[in-house]
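Heads up, the thing below is written out as structure tokens.
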Amino acid sequence: MSARLAEVAAPDFDLALTLSCGQLFHWQRQGTGWVGAIGDKACYAEQRGDALFVTRGMEEIARRYFALDHPLAEIYATFPRDPAMDAALAACRGMRIVRQPHWECIASFITSAQKAVPHITQISHTLRTRFGKRIGDGPLFAYPTPDALAALEEDDLRACALGYRAKNLLRAARQIASGEVSLTAITKLDDDSAHRELMRLGGVGPKVANCALLFAFERLAAFPIDVWIERVLRQIYFAKKRRVTAARLRDYAAKYFGAYGGYAQQYLFHHARTSRPQKS
DNA sequence: ACCCAGGGGCAAG
DNA sequence: CTTGCCCATGGG
């Protein structure tokens, strides 16, 4: 096995945490490591201390995908110092915001609406195996392209347990396949314009647009607010206020967490979900 | 601005 | 086994 692996320096990195914190839905444990598709390439990855061992030939691709160039120490230094943030950092040190392929990320989060991680994982797997391109002769499939999905009918997607999300995913795929929305153009827009443009896609509202900005478009200030992070914000930062509007939460988060707000959000999010028994 | 439908997995009964 | 719960988006 080792002969087929190459070493990549990976200080300040926690592979398992990065793969399991709710930003990716298709990596699977295999032996002492993980297997998954990075775009249309298969990758095995295994962490041993400060080193990451990946499928030979995938070193550069993995380094970029796992964002091993993000300056974690510098990012942590921008985090606000308060008990909630300190606890989240202590629990999630080494978690990185990865660089996902644009469409794969957008589509995954369209299908994630009102869903728990296991089901999102199931949907991703079904869509890949039915409509994605098989990678080599192995068990992995790339995420289906906008063109592949655009050619389907809504019932084909409903058959993958998407429910009402089928219509949204189909619409988004067709908007991109037709050129009505250009993901390449979005990469060149400022954060607010990119957010607005993403929201033109079916099934993409403020939260999903922010997930895409953060996990795929390298906008590390993007701060997705879902019910979990909203609970954290309300309970910890707005404990005394009874009624707080969504706009107020959003503006507060943008100011309070700053340029790397997306990192802060993901740490608070994962910590909230894993440290409490359930709910709150 | 508020209200609620909606699909399927899963926890609770 | 059956019922109730979960929740982002979009349309009323």
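Laboratory data are not the source of any read-out in this text; all were calculated from the coordinates shown. Quick caveat, the model's predicted, so the values are computed rather than measured. Quick reminder, even Gly has a Cβ in these numbers, built from the backbone with ideal geometry, and neighbours come from all protein chains shown.
Odds and ends about this structure:
- By the helix-only formula, in which each DSSP H run with n ≥ 4 contributes -39500 (n - 2.57) and the sum is divided by residues, chain A has a 222 nm mean residue ellipticity of -13000 deg cm²/dmol.
- For the pair A:Met199 and A:Ser178, label points projected 7 Å from Cα toward Cβ lie 2.2 nm apart.
- The percentage of C-alpha pairs in the range A:2-68 whose separation is greater than 17 Å is 32%.
- Computed from point charges on the beta carbon alone (+1 for Lys and Arg, -1 for Asp and Glu), the dipole magnitude for the range A:96-254 about its Cα centre is near 800 Debye.
- Under a 5 Å amide H cut-off, with hydrogens placed 1.01 Å from N, A:Leu5 pairs with A:Arg56 among residues at least 5 apart or on other chains.
- Comparing A:Leu89, A:Ile38, A:Cys105 along the charge dipole axis of chain A, the residue lying farthest to the positive side is A:Leu89, per the Cβ-charge model.
- Taking the Cα centre of chain A as origin and assigning +1 to Lys and Arg Cβ atoms and -1 to Asp and Glu Cβ atoms, the resulting dipole is close to 1100 debye.
- Here the 3J(HN,Hα) profile of the range A:23-37, calculated from phi with Karplus coefficients 6.51, -1.76 and 1.60 at θ = phi - 60°, is 9, 10, 10, 10, 7, 10, 5, 8, x, 8, x, 9, 10, x, 8 Hz, Gly and Pro shown as x.
- Estimated distance in nm for a label pair at A:Arg64 and A:Asp82, the labels positioned 7 Å out from Cα along Cα-to-Cβ: 3.8 nm
- Stretch gain in nm, segment A:Arg29-A:Glu218, where the contour uses 0.36 nm per residue and the Cα spacing is subtracted: 65.4 nm
- Net +/- balance of residues flanking A:Thr145 in space, Cβ distance below 14 Å, scoring K and R +1, D and E -1: +2
- A simple charge model with +1 on the Cβ of Lys and Arg, -1 on the Cβ of Asp and Glu and nothing else charged puts the dipole of the range A:1-145 at about 580 debye relative to its Cα centre.
- Listed from fewest to most Cβ neighbours within 10 Å, the set A:Glu180, A:Glu59 follows the order A:Glu180, A:Glu59.
- Summed residue charge, Cβ within 12 Å of A:His70's Cβ, Lys/Arg positive, Asp/Glu negative: 0
- Taking amide hydrogens as placed 1.01 Å from N in the peptide plane, the amide H of A:Ile38 sits under 5 Å from those of A:Cys43, each at least 5 positions away in sequence or on another chain.
- Here, the range A:102-215 has an Rg and a Dmax of 13.6, 42 Å when only alpha carbons are counted.
- Across the range A:1-129, Cα pairs under 8 Å and at least six residues apart give a relative contact order of 30 percent.
- Pairwise label distance in nanometres, A:Arg93 with A:Ala51, each label 7 Å out on the Cα-Cβ vector: 2.2 nm
- Chain lengthening between A:Ala161 and A:Thr274 when straightened (0.36 nm per residue, less Cα-Cα): 38.0 nm
- Most positive-pole-ward Cα, A:Cys160, A:Trp228, A:Leu149, against dipole of chain A from beta carbon charges: A:Trp228
- Counted charge near A:Leu189, where neighbours are those whose Cβ lies closer than 14 Å (Asp, Glu -1; Lys, Arg +1): -1
- Per-residue 3J(HN,Hα) values for the range A:130-136, derived from phi via the Karplus relation 6.51 cos²θ - 1.76 cosθ + 1.60 with θ = phi - 60°, read 7, 10, x, 8, 5, 8, x Hz in sequence order (x marks Gly and Pro).
- Sorted ascending by nearby beta carbons within 10 Å, beginning with the fewest, A:Ser20, A:Ser124 become A:Ser20, A:Ser124.
- Using θ = phi - 60° and Karplus 6.51 cos²θ - 1.76 cosθ + 1.60, couplings along the range A:91-107 (whole Hz; Gly, Pro as x): 7, 10, 3, x, 6, 10, 7, 7, 9, 8, x, 3, 5, 4, 5, 4, 5
- Mean projection of the Cα convex hull over all viewing directions, computed for chain A: 15.1 nm².
- Near the amide H of A:Phe141, within less than 5 Å, lie the amide hydrogens of A:Ile135, all on another chain or at least 5 residues away, with H placed in the peptide plane.
- Order of A:Ile229, A:Ile97, A:Ile236 - criterion: other Cβ atoms within 10 Å of each residue's Cβ, fewest first: A:Ile236, A:Ile229, A:Ile97
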